[in-house]
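Q: After the structure tokens below, expect a handful of questions from me.
The values are calculated or read from the model by the stated rules, or taken from the named source; none is laboratory data. Just so we're clear, the structure is a prediction, and the values are computed from it rather than from any experiment. Positions of Cβ are backbone-derived with ideal geometry, glycine not excepted, and every protein chain shown enters the neighbour counts. Only protein heavy atoms, including side chains, enter the accessible area calculation; ligands, DNA and RNA are left aside. Shrake-Rupley method; radii C 1.70, N 1.55, O 1.52, S 1.80 Å.
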Amino acid sequence: MNAFDYVIAGGGTAGCVLANRLSADGRTSVLMLEAGPRDSYPWIHIPIGYAKTMFHPVYNWCFRTEPEPGMNGRQVYWPRGRTLGGSSAINGLIYIRGQHDDYDHWAALGNPGWSHVEVLPYFRKLEHNVRGENDWHGAAGPQWASDIGKPHELVEAMIAAAAELGIPRNDDFNGATQEGAGYFQLTTRRGLRCSTAVAYLRPARHRANLSIATNAQVTKVTFDGRRATSVVYRQDGREHAAVARREVILAAGSIQSPQLLQLSGIGPPALLQSFGIPVVHALAGVGENLQDHLQARVIFRCTKPITTNDTLNSWWRTLAMGAQYLLARTGPMAVGINQGGIFARTDPALARPDVQFHFATLSSDMAGSQVHTFPGFTMSVCQLRPESRGHVRVKSPDPMAAPAMQPHYLSTPTDRATLVAGIRLARRLAAADALSPYVAGEYRPGPQAVADEDLLEFARASGATIFHPSGTCKMGPATDAFAVVDAQLRVHGIDNLRVVDCSIMPTLVSGNTNAPVIMIAEKAADMILRAAA
Ligand SMILES: Cc1cc2nc3c(=O)[nH]c(=O)nc-3n(C[C@H](O)[C@H](O)[C@H](O)COP(=O)(O)OP(=O)(O)OC[C@H]3O[C@@H](n4cnc5c(N)ncnc54)[C@H](O)[C@@H]3O)c2cc1C
């Protein structure tokens, strides 16, 4: 019989962590089903290959939102990983945990066990930090966090410019405090990408009790009354079923975990009925509470040919870059896109940073597209805790059809004002003594954009996701009508069914989401194993 103790739907960032931890005893049987293929495409593993997977039709779902009113009606491009490791196999590699207060807030919302002091042990457990162990960091975990080898003249100038504006240098955004300017650590291992497929799945994949199926898309969960019993999936054009003796775990990410719940009859009844999906359990919050970070990419022309644009636009420098990478696994190919960053307050009266800057020593029209022909660098600004809320809703009972994604970007006055203030901060940084010698001019939005309305229009016309859609299977107590899972990540009202991925965040963390998802999966694995013991 095709039966396992645990069946995991989605072999992405969280799925690979769960597959490793749940099968670690060598006895518990686990099946992990991944819709995409194996991660054998070489560019996945080379950090600069980010640009090669950004629009790849096989390894990337290449989603688009519905037309967004706040973005001049544009359908914003939403890449998502579609391979083992999921989005951790195609992401920008930046290793950030968020702010301590983010997790204290989760706990205050009625989620016991999720305060910062309670999640810190999981952040330490998951981590192999090349800097070694201390109060904040671990060195014995599977997930590597590495430093960017060599300081870059432009990043140094950015850090010095920030200091002129009173933003201190910070050498560890994941330590005592996040605020400041500095270099990011990256999820790389000796110059290669360290996705969760590399960190967690590779060491576990030969275990006899772990089955991994690729090109296997889960189409629904089936129930005996209100108990989840199995999943149905499509592989090689045929339909299969897998029985879960203990639990079904959805780890399909913020777009597809709520979609799978809705297709299986768990969600807002009116939505399900409108597509003829029989309601198994009414749960108003499934697919709601969607939050994302919107980036406005402020681009400057550089006075010196020291940017990655210059390297990529010269055949001999590209050759040298390739040779450097082959020989030493260092240089621009080992770094990906963003080297440095800033966490800052747009208003000194605020208690904690409300914007993040991603600083790239290159420039292009879209993240991951062809670099400009001139020397350029980018300060991408994003508001850390947006108030705008959207949704993910099925728009067909066909499981192979993408659901509607509607983030409602810039739909509150605070979100609009914060982004505009962030763009103004980028300009102040560019005008500071340390950075201004490198600035030949502002390419985007450009000097003609002066009024707040101009800057907002720039964000509406060219703003993009920074790839963190979250919150669509919100964690919260049963008293919260929009909560989908409880603090143990069990779906409210249903037995033997959990959701473990980025969708469970009740509020988006103040930073990038990959490390938080790995922490969530580590903690979930612990809770699942304890419940079974
Ligand atoms: C281009 C890009 C850049 C990013 N940059 C960064 C960064 O620099 N730093 C950072 O911290 N975060 C970054 N992120 C965000 C971060 O990577 C994600 O938030 C995180 O990886 C999400 O993990 P997850 O487990 O929720 O989902 P995913 O990792 O996306 O995993 C979901 C998996 O489920 C599979 N799946 C979906 N539906 C089904 C189904 N029906 N059946 C079977 N399998 C299914 C998918 O193919 C995928 O493998 C980036 C994301 C992207 C896309």
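Q: Taking the alpha-carbon centroid of each part, what is the distance from the stretch 33-104 to the stretch 178-237 in angstrom?
A: Between the Cα centres of the stretch 33-104 and the stretch 178-237 lies a distance of 14 Å.
Q: So, one more: Describe numerically, in nm with one decimal, the distance between label points set 7 Å from Cα along Cα→Cβ at residue 374 and at residue 412.
A: 3.8 nm
Q: Quick one: pull the percent of accessible area on the stretch 306-381 belonging to carbon and sulfur, 1.4 Å probe, ligands and nucleic acids left out. Could you put the intermediate results ahead of the total?
A: Values: 1950 of 3100 Å².
Of the solvent-accessible surface of the stretch 306-381, carbon and sulfur hold 63 percent.
Q: For residue 3 paired with residue 328, estimate the spin-label separation in nm (one decimal), with each label point 7 Å from Cα along the Cα-to-Cβ line.
A: Distance between label points: 5.9 nm.
Q: Per-residue counts of other Cβ atoms within 10 Å, averaged by peptide: what ranking do you get for 490-497, 40-47, highest first?
A: The packing order, highest mean first, is 490-497, 40-47.
Q: FRET efficiency for residue 444 and residue 243, Cβ-Cβ distance as r, R0 = 35 Å, nearest 0.05?
A: 0.05
Q: Hey, what angle do you get for helix 315-328 against the long axis of the chain, alpha-carbon based, 0 to 90 degrees rounded to 10?
A: Approximately 60 degrees, to the nearest ten.
Q: Could you list the residues of the stretch 377-411 with an amide nitrogen less than 14 Å from a label point located 7 Å from the Cα of residue 222 in the Cα-to-C-beta direction?
A: No residue qualifies, since no backbone N sits under 14 Å from the label point.
Q: Next up: Exactly which GluC sites (Glu not before Pro) in the stretch 51-152 are in a DSSP loop and have at most 14 other Cβ atoms within 10 Å?
A: 133
Q: With each run of n ≥ 4 DSSP H residues scored as -39500 (n - 2.57), what mean residue ellipticity at 222 nm is computed for the chain after dividing by its residue count and rounding to the nearest 500 deg cm²/dmol?
A: Value at 222 nm, helices only: -7500 deg cm²/dmol.
Q: Give me the accessible area per residue for the chain, probe 1.4 Å, as a whole number in Å².
A: Here the residues of the chain average 36 Å² of exposed surface.
Q: Report the per residue volume, in Å³, of the convex hull enclosing the C-alpha atoms of the stretch 235-296.
A: Residue-normalised Cα hull volume stands at 162 Å³.
Q: Run the dipole for the chain about the Cα centre, Lys and Arg Cβ at +1, Asp and Glu Cβ at -1, nothing else charged, and hand back the magnitude in debye, nearest 20.
A: 1380 debye
Q: Listed highest first by mean packing, meaning other Cβ atoms within 10 Å per residue, what order do 4-14, 209-219, 428-438 come in?
A: Descending mean neighbour count gives 4-14, 209-219, 428-438.
Q: Over the stretch 1-117, what percent of the accessible surface lies on carbon and sulfur atoms, probe 1.4 Å? Don't skip to the end; give the middle numbers.
A: Values: 2100 of 3780 Å².
The nonpolar share, carbon plus sulfur, comes to 56 percent.
Q: Next up: Between residue 315 and residue 208, 0.36 nm times their residue separation minus their Cα-Cα distance comes to what? Let's see the in-between values first.
A: Details: separation 107, 0.36 × 107 = 38.52 nm, distance 4.80 nm.
Gain in length upon complete extension: 33.7 nm.
Q: Here's something else I'd like to know. Subtract the Cα-Cα distance of residue 482 and residue 532 from 0.36 nm times their separation in residues, and report this length gain in nm to one decimal.
A: Taking residue 482 through residue 532 to full extension adds about 15.2 nm, to one decimal.
Q: Please determine, in degrees from 0 to 90 and to the nearest 10, the orientation of helix 116-126 with respect to the longest principal axis defined by the Cα atoms of the chain, where the helix direction is its Cα long axis.
A: For helix 116-126, the angle is close to 90 degrees.
Q: Sort the stretch 61-167 into rounded, prolate or oblate with this rule: let a ≥ b ≥ c be the square roots of the eigenvalues of the Cα gyration tensor; rounded if a/c is under 1.5, and if a/c is not under 1.5, prolate when a/b is larger than b/c, oblate otherwise.
A: Details: a/c = 1.44, a/b = 1.17, b/c = 1.23.
Rounded, since a/c falls under 1.5.
Q: Measure off, as a whole percent, the carbon and sulfur share of the 1.4 Å-probe accessible area of the stretch 416-525, all protein chains present.
A: C and S fraction of accessible area: 53 percent.
Q: Return the lysines within reach of residue 304: Cα separation strictly under 22 angstrom, same-chain partners fewer than 8 residues apart disregarded; answer none if there are no such residues.
A: Partners within reach: 150.
Q: With a ≥ b ≥ c taken as the square roots of the eigenvalues of the C-alpha gyration tensor of the stretch 463-533, please select rounded if a/c is under 1.5 and otherwise prolate if a/b is larger than b/c or oblate if it is not?
A: oblate
Q: Quote to one decimal, in nm, the extra length available between residue 27 and residue 177 on full extension: 0.36 nm per residue of separation minus the C-alpha distance between them.
A: 49.9 nm
Q: Residue 164 to residue 495: FRET efficiency via 1/(1 + (r/R0)^6), r the Cβ-Cβ distance, R0 56 Å, to the nearest 0.05?
A: Working: r = 58 Å, r/R0 = 1.04.
Efficiency, from the Cβ-Cβ distance: 0.45.
Q: Quick one: grab the alpha carbon gyration tensor of the stretch 169-287, order the square roots of its eigenvalues as a ≥ b ≥ c, and give me rounded if a/c is under 1.5, else prolate or oblate depending on whether a/b is larger than b/c. Please report the intermediate quantities before stating the final value.
A: Working: a/c = 2.87, a/b = 1.57, b/c = 1.83.
Judged from the Cα gyration tensor, the stretch 169-287 comes out oblate (a/c at least 1.5, b/c at or above a/b).
Q: Using a basic spin-label model with each label point 7 Å from the Cα along Cα→Cβ, how many nm lie between residue 130 and residue 434?
A: 2.3 nm
Q: List the relative contact order of the chain as a percent without decimals, with contacts defined as Cα pairs under 8 Å and 6+ residues apart.
A: Normalised by residue count, the contact order of the chain is 22 percent.
Q: Also: Remind me, what semi-axes does the stretch 400-497 give for its equivalent ellipsoid, largest first in whole Å, using sqrt of 5 times each Cα gyration tensor eigenvalue?
A: 41, 15, 13
Q: What is the packing order of peptides 226-235, 279-288, taking the mean over residues of other C-beta atoms within 10 Å and listing the highest first? All intermediate terms of the calculation are to be shown ahead of the outcome.
A: Working: 226-235: 18.6, 279-288: 21.6.
Per-residue mean Cβ counts within 10 Å order the peptides as 279-288, 226-235.
Q: Report the antiparallel proportion of the DSSP beta bridges in the chain as a percent, rounded to a multiple of 5.
A: On the way: 60 of 85 bridges.
The antiparallel fraction comes to roughly 70 percent.
Q: Using only Cα atoms, tell me the angle between helix 514-532 and the longest principal axis of the chain; keep it within 0 to 90° and round to the nearest 10.
A: The answer is roughly 20 degrees.
Q: Using 20 Å bins from zero, what percent of all Cα-Cα pairs in the chain falls into each bin?
A: Per 20 Å bin, starting at 0, the Cα pair percentages come out as 23, 58, 19, 0.
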